[in-house]
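S.K.: Attaching a single structure in structure tokens format; questions to follow.
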Amino acid sequence: MSEVQKIMLAVAFAFGAGFLLVGTNKQQTPEQAQAAAMIRTYAAMQSMANKKCPLAIKQHTGDQVFFPSETESDKDTYITMKWVGEKGQHFKNALCTLRLSQGGLSKLVIDDKVIIDKES
């Protein structure tokens with residue numbers, strides 16, 4: 001058997017073993033599937049908020065923000081992030097809320113001034 005044939009046989013064996021392992025894995029219970037879905041939802045919400053909120057704050061203040069000082073969420077429908085301005089920034093505090101049902105920012109408040117309010 002040539003070296004090429006040996007490599008092809010090894011690759012085919014690895015694929016076969018992988019399919020066998022995946023096929024014999026135990027299926028998720030409904031509770032496990034629901035928990036996994038909740039985690040994916042929260043991760044998607046947090047990812048969207050981490051992209052949209054800093055951009056909105058920068059657009060209205062000119063300051064770039066990175067990590068929120070505080071985060072509040074029910075882990076299902078909304079996430080609210082709060083930033084506290086540091087020395088040299090043009091704002092004291094910023095509050096940004098993202099609601100999953102609206103698919104984007106529902107509220108943005110900078111220094112007690114409401115910039116966006118879609119919650120009403």
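S.K.: Between D76, D63, which is closer than 30 Å to L108 by Cβ and either at pLDDT below 90 or in a strand (DSSP E or B) (or both)?
M.R.: Being closer than 30 Å to L108 by Cβ and either at pLDDT below 90 or in a strand (DSSP E or B) (or both) holds for just one of D76, D63, which is D76.
S.K.: Would you check if S47 is of a type in the set (S, T, N, Q), at pLDDT 90 or above and out of contact with any strand residue (DSSP E or B) (no Cβ under 9 Å at 6 or more places or on another chain)?
M.R.: It is true that S47 is of a type in the set (S, T, N, Q), at pLDDT 90 or above and out of contact with any strand residue (DSSP E or B) (no Cβ under 9 Å at 6 or more places or on another chain).
For every residue, the table says whether it meets (1) open to solvent by less than 50 Å² (accessible area, probe 1.4 Å); (2) touching a residue at least 24 places away in the same chain (Cβ under 8 Å).
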site: I57; (1), (2): yes, yes
site: D63; (1), (2): yes, yes
site: F67; (1), (2): no, no
site: D76; (1), (2): no, yes
site: W83; (1), (2): yes, yes
site: Q89; (1), (2): no, yes
site: K92; (1), (2): no, no
site: T97; (1), (2): yes, no
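S.K.: Looking only at segment 16-41, count how many residues are open to solvent by less than 50 Å² (accessible area, probe 1.4 Å) and either under 30 Å from I115 (Cβ atoms) or among the aliphatic types (A, V, I, L, M) (or both).
M.R.: 6
S.K.: Sticking with this one: Being among the basic types (K, R), closer than 26 Å to M38 by Cβ and part of a loop (DSSP other than H, G, I, E, B) is the filter here; which residues of segment 79-120 pass it?
M.R.: K118
S.K.: Could you tell me which residue of segment 42-64 is nearest to I115 (Cα to Cα), considering only residues that are of a type in the set (A, V, I, L, M) and within 8 Å of the chain's Cα centre (by Cα)?
M.R.: A49
The values are calculated or read from the model by the stated rules, or taken from the named source; none is laboratory data. This one's a predicted model, so the numbers in the text were calculated from it and none came from an experiment. For neighbour counting, all protein chains shown are included, and Cβ atoms are generated from backbone atoms with ideal geometry for every residue, glycine included. Note: areas computed on protein heavy atoms with side chains; ligands, DNA, RNA excluded. Shrake-Rupley method; radii C 1.70, N 1.55, O 1.52, S 1.80 Å.
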